[in-house]
């Protein structure tokens, strides 16, 4: 995709995928023995409801909306530290994990968590939920964890969906009900309008609908829509999507390696985006906005994560994620890199 035929904006939600893709392939993530839910937040909420864990252990760097969902469940929440490099500075906290506790580990930006950490938690009788919301296409994700959570909407053009893989047998599996119709229709309309916007331009009503649907998203025993299920099974060429993301990421590394969160992309890792850290993050973001490039921030933590986790709060103030997904090509990556390099004072 070149400079002249690039989408009108770069980044943001995905437009709805075409109903049929003749080059589709089977999804590389598990959909068998899984709960196909309306969104990923419902996956964590339902799992807590089913397990009734004594405590839920959460990383100090995590999605603020999910942290609020866990807090609203009424379960006791304990945080463990994640440092400025998204690594665990210590595993001593695992010694406090009790049998029946649920521990959430995150595959940040597509990079899988440490299997040795999973094993250590399980040896203490803890159950591990590997949050692979940002690692849908990364090879080998979820092999050791008791439960795995995926969020397809972060990678693909589906209007809804979260997948909770059940590797640990539950006493009972919940009966799911259809997602609320008004909410689903709003999410569906946003996806359709984004697809049409990318083709033809026009107003950005899709963005307002998207924001509203995010805020109104149901949490609980709500099923994935049949449209999303069929698209995930038959609508995507996953190998091609993964390859484009990897190629784009490596191009950005060659241009912006000094500010890259992960300057090396291991074999098998398929990135969510290209996270960078800069001192004047918000100023650089505004410069990108002025060129219709919209890098998200993962995540605001103020008021959600205790201030004692200073490294996580510091990271939250300096990080943003550049888009490098399958919608874009070399010219788009070059354009993003050039704009950032012109704003080097922000580094």
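Values as computed for the structure displayed
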| item | result |
| --- | --- |
| Residues of segment 25-36 satisfying the condition of being in a loop (DSSP other than H, G, I, E, B), buried (at least 18 other Cβ atoms within 10 Å of the Cβ) and in contact with a helix residue (DSSP H, G or I) (Cβ under 7 Å, 6 or more places away or on another chain) | 27 |
| Residue tally, condition out of contact with any helix residue (DSSP H, G or I) (no Cβ under 9 Å at 6 or more places or on another chain) and either in a loop (DSSP other than H, G, I, E, B) or free of Cβ contacts under 8 Å to residues at least 12 places away in the same chain (or both), over segment 307-339 | 3 |
| All positions within segment 231-246 that are part of a helix (DSSP H, G or I) and in contact (Cβ under 8 Å) with a residue 40 or more places away in the chain | 231, 232, 233, 234, 238, 239, 240, 241, 242, 244, 245 |
| Subset tally (residues that are surrounded by fewer than 20 Cβ atoms within 10 Å (Cβ to Cβ), under 19 Å from the mean Cα position of the chain (by Cα) and either assigned by TED's automatic domain parsing to the domain that holds residue 45 or under 28 Å from residue 329 (Cα atoms) (or both)) for segment 215-237 | 1 |
| Scope segment 194-203; condition touching a residue at least 60 places away in the same chain (Cβ under 8 Å) and either buried (at least 17 other Cβ atoms within 10 Å of the Cβ) or touching a helix residue (DSSP H, G or I) at 6+ places or on another chain (Cβ under 9 Å) (or both); matching residues | 194, 195, 196, 197, 198 |
| The listed residue being closer than 22 Å to residue 135 by Cα, at pLDDT 95 or above and either in contact with a helix residue (DSSP H, G or I) (Cβ under 7 Å, 6 or more places away or on another chain) or part of a loop (DSSP other than H, G, I, E, B) (or both), out of 283, 251 | 251 |
| Filtered residues of segment 86-119 (kept if part of a helix (DSSP H, G or I) and more than 28 Å from residue 49 (Cβ to Cβ)) | 92, 109, 110, 116 |
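The values are calculated or read from the model by the stated rules, or taken from the named source; none is laboratory data. Computed from a prediction, not measured in an experiment: that's the story for all the values here. Quick reminder, even Gly has a Cβ in these numbers, built from the backbone with ideal geometry, and neighbours come from all protein chains shown.
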